[in-house]
Amino acid sequence: MKIEREMMRGAGPVAVLHLLQRRPMYGYELVETLEQRSGGVLAMGQSTLYPMLYNLEGKGLVKAEWRSAESGRDRKYYALTAKGKKRLADDTQQWRAVTDAMTKLGVLSRFARPLPVSAGVSA
Amino acid sequence: MRGAAIGPVLADSGLGEPVLAVIRSVCAKARLSRAEKRDVARELVEHFHAGIERGETAEALIAEFGDPHAAGKLIARAVRRKRGPVRRAFMHAKRGVYALAGLLLVIYLGLFARFMLGSPSPSRDYVSELAQRAEAIPESDRAWPLYLEAARRTTDAPPSLLDYEHDQDATREYAAAHPGVLELIRSASERPHIGYPVRTSPDPELARINALRTGTVIERAADGADPDDDAAYNDTLIGVLLENIGEMRLHARLLEADADLAMGQGDTARFVSDTEAMIGIAEQFGRARTIIEQLVGWAIASDASRIVRRAIEASPGAFDDAQLRRLQRAMETRDAARKPVDLSLERLLFEDMVQRIYTDNGSGNGHLTRSGVRTFTELMDFGGGQGLLDDPTLRFLAGPASLVVTADRAELTAKYDEIMLSLDAYMRLPYWEEPAVHPDVELERMHTQQRFRYPLITTLMPALANLRTQQAITRQRMDGAVLAVALERHRMREGSYPTRLVARELEVPADALIDQMTGHTLVYSVSNDGLGYTLYSLGMDLDDDGGVPMLGGEDAVRARIPPSYLEAMSQHERAKIDGDWVLFPLPTENDPVPE
């Protein structure tokens with residue numbers, strides 16, 4: 001399934017912040033994890049991810065740090081900041097409200113057809 | 001520069017060229033600092049390494065990456081957004097500076113093209129016009145042929161005679177040995193005009209005469225050209241040579257020496273003729289239109305006035321009334337210093353320079369050009385004193401800026417007209433009257449503040465305050481001599497000096513009695529025994545010191561000092577100008593010193 005750019009613009013940052021609340025991650029790892037855990041729906045090209053990460057960093061929601069990885073190479077890890085945690089909580093709240101409303105409206109229902117695993121997202 | 005920022009990062013990455021090309025393409029998007037680009041490049045390098053470690057191929061990673069150009073734009077925008085406010089302000093300022101620099105560069109290039117492409121197109125041949133005017137003078141009115149003949153007959157003159165500080169004994173001796181030459185000079189002095197040919201290259205005949213006098217050989221270049229002939233000046237008004245001045249100055253010296261000899265021999269008739277001839281030469285210089293010639297004329301007139309006063313003082317009763325009347329008339333009516341200074345040639349000089357420096361758009365305007373600036377520096381012969389203009393490279397670089405800094409042709413000419421108008425009024429103002437606005441102060445201000453705005457004016461404008469003072473001093477000396485002669489005539493006629501100065505009784509023009517320093521009547525007092533008198537001006541300090549002459553006598557007299565200036569002077573400075581300007585009898589070393 002192809003996700004519209006505008007929807008991705010709203011969902012992408014929340015998804016990234018969500019992934020980072022457990023532990024710091026580097027760019028490729030985020031791309032890979034998003035694709036795997038969203039069943040490909042929130043898969044995004046690197047050309048979308050990195051600008052998004054820089055924007056989140058610019059807003060103070062994540063902070064970046066160069067660290068040595070297991071491979072011995074330096075990698076840039078992104079971690080959630082306190083401000084990022086708060087924003088994640090707020091955004092999650094809003095997403096819940098939207099989902100509830102959509103459900104009440106019947107747009108979403110427990111009988112809805114599950115998404116195919118191979119669905120993609122348009123960047 | 002971009003490559004230099006990320007080059008080492010990519011070189012150490014160990015990634016293949018296709019991947020590096022993608023990273024380069026992303027980082028190529030501008031407006032990121034070197035550090036920011038390096039950081040992005042490092043992260044992308046690590047991104048590809050991580051992908052390859054996970055078993056993906058470089059080609060697959062490149063395909064997944066998306067459009068590097070679009071990514072570059074988004075990344076650059078995002079990186080800029082994450083900058084702090086200070087950094088953002090700095091980057092904005094930097095961009096502003098670059099934009100301004102670019103704008104200035106565009107303007108400069110425009111000016112550069114304008115400066116380099118135009119060229120002056122002189123349309124008026126002022127030298128020819130002047131030459132035609134000189135040639136229109138009838139042969140019989142031209143004195144120069146006779147002066148030149150006198151020069152040819154004085155090739156044996158010792159070089160010391162040509163110096164300003166000449167040996168007076170040697171000059172007298174030479175004059176005594178050349179009565180024919182003096183007769184020739186006297187005849188020449190009676191003609192109304194000098195009539196020296198207008199030329200911009202050295203006079204070969206005078207060069208030959210001077211070479212014979214000094215015993216030197218005239219050096220010629222292989223092509224026969226005179227090494228002193230500077231081609232840059234050819235056909236320019238500023239290049240017109242006045243080689244007659246030195247020769248005629250020598251003639252005036254010979255006349256003065258002969259007048260001295262004549263008095264010693266009791267030959268008062270010859271003294272009168274020599275003095276008349278000196279005044280005649282002064283008059284010829286006065287009719288010439290260059291300032292330098294007018295100044296030389298005044299100097300000769302001053303010398304004549306001095307020898308007349310000295311002769312009357314030393315030999316009262318030596319002259320008969322007819323001789324005294326001739327002397328008086330010569331100095332009254334042929335007084336070069338009485339007419340206003342002729343500045344018309346100065347104007348032509350300015351116009352000629354303008355047409356050689358500025359372009360001409362056909363309606364009175366134009367701008368500076370490279371060739372014009374080069375002409376200006378060559379003709380002005382600046383040597384080491386004009387900073388930027390000395391160095392051809394700096395001249396080349398600063399030249400276009402001169403289009404902005406320096407006035408254009410119309411503005412320059414308007415400014416010149418304005419100044420000349422005020423100078424003309426200034427020069428006509430009686431010397432004792434101070435102008436409301438002193439033109440020399442205005443010129444000095446222009447020289448310091450607007451030197452680069454009106455370089456031609458500040459360079460060409462003569463020091464007119466000095467000129468005005470010099471004219472007033474000459475006139476006062478001449479009036480002093482006129483009065484000395486008139487008083488001597490009165491004494492011979494009436495048997496005594498008059499008790500006071502009355503123009504009608506003395507048969508002198510009323511304005512001959514005026515003290516040029518104050519505008520009042522000169523101070524005159526007859527000695528108690530009635531055998532002598534003192535005639536004086538109040539001098540530079542405008543204060544009556546009872547006829548006690550100022551230190552240095554007449555030669556020390558300079559510009560009058562207005563009371564407001566006098567108050568600001570130190571005691572020491574005031575002491576130097578204390579005393580009166582005694583016109584008769586001429587001060588001697590035995591005179592009392594001002595207190």
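The values are calculated or read from the model by the stated rules, or taken from the named source; none is laboratory data. These numbers come from a predicted model, not from an experiment. Note that each Cβ is placed from the backbone with ideal geometry, even for glycine, and that neighbours are counted across all protein chains shown. When the accessible area is computed, the model is the full protein with side chains, heavy atoms only, and any ligands, DNA or RNA have been set aside. Shrake-Rupley method; radii C 1.70, N 1.55, O 1.52, S 1.80 Å.
Between B:L61, B:L74, the distinction of being facing another protein chain (nearest Cβ under 10 Å), out of contact with any Pro (no Cβ under 7 Å at 6 or more places or on another chain) and assigned to a helix (DSSP H, G or I) belongs to B:L61 only. The set of residues in the stretch B:247-294 that are closer than 27 Å to B:D342 by Cβ and not in a helix (DSSP H, G or I) comprises B:A288, B:R289, B:T290. Among the residues making up the stretch B:315-330, those that are in a helix (DSSP H, G or I), open to solvent by 60 Å² or more (accessible area, probe 1.4 Å) and modelled with pLDDT of 95 or more are B:D321, B:A322, B:R325, B:R326. For the stretch A:24-54, residues that are modelled with pLDDT of 90 or more and either touching a Cys at 6+ places or on another chain (Cβ under 8 Å) or open to solvent by 30 Å² or more (accessible area, probe 1.4 Å) (or both) total 1.
Kindly establish whether B:I23 is away from chain A (no Cβ under 14 Å) and either in contact with a strand residue (DSSP E or B) (Cβ under 8 Å, 6 or more places away or on another chain) or open to solvent by less than 30 Å² (accessible area, probe 1.4 Å) (or both). Here the answer is no, as B:I23 does not meet what is asked.
Residues are listed down the side, and each one gets a yes or a no for (1) surrounded by 11 or more Cβ atoms within 10 Å (Cβ to Cβ); (2) within 11 Å of chain A (Cβ to nearest Cβ); (3) under 60 Å from the mean Cα position of the chain (by Cα); (4) part of a helix (DSSP H, G or I):
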{"position": "B:P18", "(1), (2), (3), (4)": "yes, no, no, yes"}
{"position": "B:E36", "(1), (2), (3), (4)": "yes, yes, no, yes"}
{"position": "B:A78", "(1), (2), (3), (4)": "yes, yes, no, yes"}
{"position": "B:V97", "(1), (2), (3), (4)": "no, no, yes, yes"}
{"position": "B:L100", "(1), (2), (3), (4)": "no, no, yes, yes"}
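If the condition is being part of a helix (DSSP H, G or I), surrounded by 15 or more Cβ atoms within 10 Å (Cβ to Cβ), in contact (Cβ under 8 Å) with a residue 40 or more places away in the chain and among the hydrophobic types (A, V, I, L, M, F, W, C), then the stretch B:393-409 contributes B:A401, B:L403. Among residues of the stretch A:42-64 that are under 17 Å from A:G84 (Cα atoms) and touching a residue at least 40 places away in the same chain (Cβ under 8 Å), those with a beta-carbon under 8 Å from a residue that is among the hydroxyl-bearing types (S, T, Y) and open to solvent by 20 Å² or more (accessible area, probe 1.4 Å) at least six positions away or on a different chain give the pairs A:L61/A:T81; A:V62/A:T81.
Just to be sure, is A:V14 more than 14 Å from chain B (Cβ to nearest Cβ), aliphatic (A, V, I, L, M), out of contact with any His (no Cβ under 7 Å at 6 or more places or on another chain) and part of a loop (DSSP other than H, G, I, E, B)? Answer is no for this residue. In the set (1) of a type in the set (V, I, T); (2) open to solvent by 30 Å² or more (accessible area, probe 1.4 Å); (3) closer than 25 Å to B:A330 by Cα, the condition left unmet by B:V557 is number (2).
The residues on offer are B:P145, B:P122, and the sole one that is part of a loop (DSSP other than H, G, I, E, B) and either surrounded by 11 or more Cβ atoms within 10 Å (Cβ to Cβ) or touching a Pro at 6+ places or on another chain (Cβ under 7 Å) (or both) is B:P122. A count restricted to the stretch A:48-76 and to residues that are within 19 Å of B:S13 (Cβ to Cβ), in contact with a helix residue (DSSP H, G or I) (Cβ under 9 Å, 6 or more places away or on another chain) and hydroxyl-bearing (S, T, Y) stands at 2. The set of residues from the stretch A:70-79 being of a type outside the set (K, R) and touching a His at 6+ places or on another chain (Cβ under 9 Å) comprises just one member, A:S71. Looking only at the stretch B:506-554, residues that are within 14 Å of B:A484 (Cβ to Cβ), in contact with a strand residue (DSSP E or B) (Cβ under 8 Å, 6 or more places away or on another chain) and not polar (S, T, N, Q) come to 9 in all.
Considering the stretch B:38-58, and only residues there that are open to solvent by 70 Å² or more (accessible area, probe 1.4 Å) and facing chain A (nearest Cβ under 8 Å), the residue that is nearest to A:S47 (Cα to Cα) turns out to be B:R42. For B:A407, the conditions (1) at pLDDT 90 or above; (2) within 18 Å of the chain's Cα centre (by Cα) are fulfilled apart from (2).
Mind checking whether some residue in the stretch B:519-541 is at pLDDT below 95, out of contact with any Cys (no Cβ under 6 Å at 6 or more places or on another chain), part of a helix (DSSP H, G or I) and surrounded by fewer than 20 Cβ atoms within 10 Å (Cβ to Cβ)? Checking the stretch B:519-541: not a single residue is at pLDDT below 95, out of contact with any Cys (no Cβ under 6 Å at 6 or more places or on another chain), part of a helix (DSSP H, G or I) and surrounded by fewer than 20 Cβ atoms within 10 Å (Cβ to Cβ). The numbered conditions (1) of a type outside the set (S, T, Y); (2) farther than 26 Å from B:A60 by Cβ; (3) away from chain B (no Cβ under 14 Å); (4) open to solvent by 20 Å² or more (accessible area, probe 1.4 Å) are all true for A:K63 except (3). List the number of the failed condition for A:M7; all other conditions in (1) modelled with pLDDT of 85 or more; (2) of a type in the set (A, V, I, L, M); (3) surrounded by fewer than 19 Cβ atoms within 10 Å (Cβ to Cβ) hold. So the condition that A:M7 fails would be (1). When we screen A:D74, A:D91 for residues that are on the phi < 0 side of the Ramachandran plot, modelled with pLDDT of 85 or more and open to solvent by 40 Å² or more (accessible area, probe 1.4 Å), the only hit is A:D74.
Could we say that B:D591 is over 22 Å from B:A472 (Cα atoms), in contact with a strand residue (DSSP E or B) (Cβ under 7 Å, 6 or more places away or on another chain) and surrounded by 13 or more Cβ atoms within 10 Å (Cβ to Cβ) here? Taking the combined requirement at face value, the residue satisfies it.
Mind listing just one residue for me: the one in the stretch B:414-441 that is without any contact (Cβ under 8 Å) to a residue 60 or more places away in the chain and touching an Asp or Glu at 6+ places or on another chain (Cβ under 8 Å) and, of those, surrounded by the fewest Cβ atoms within 10 Å (Cβ to Cβ)? Here the answer is B:S422. Quick test of your reading of the structure: B:L32 fulfils all but one of (1) over 30 Å from B:R374 (Cα atoms); (2) more than 14 Å from every other protein chain (Cβ to nearest Cβ); (3) outside any helix (DSSP H, G or I). Name the failing condition by number. Unmet condition: (2). The set of residues in the stretch B:560-588 being part of a helix (DSSP H, G or I) and either aromatic (F, W, Y) or open to solvent by less than 40 Å² (accessible area, probe 1.4 Å) (or both) consists of B:Y565, B:L566.
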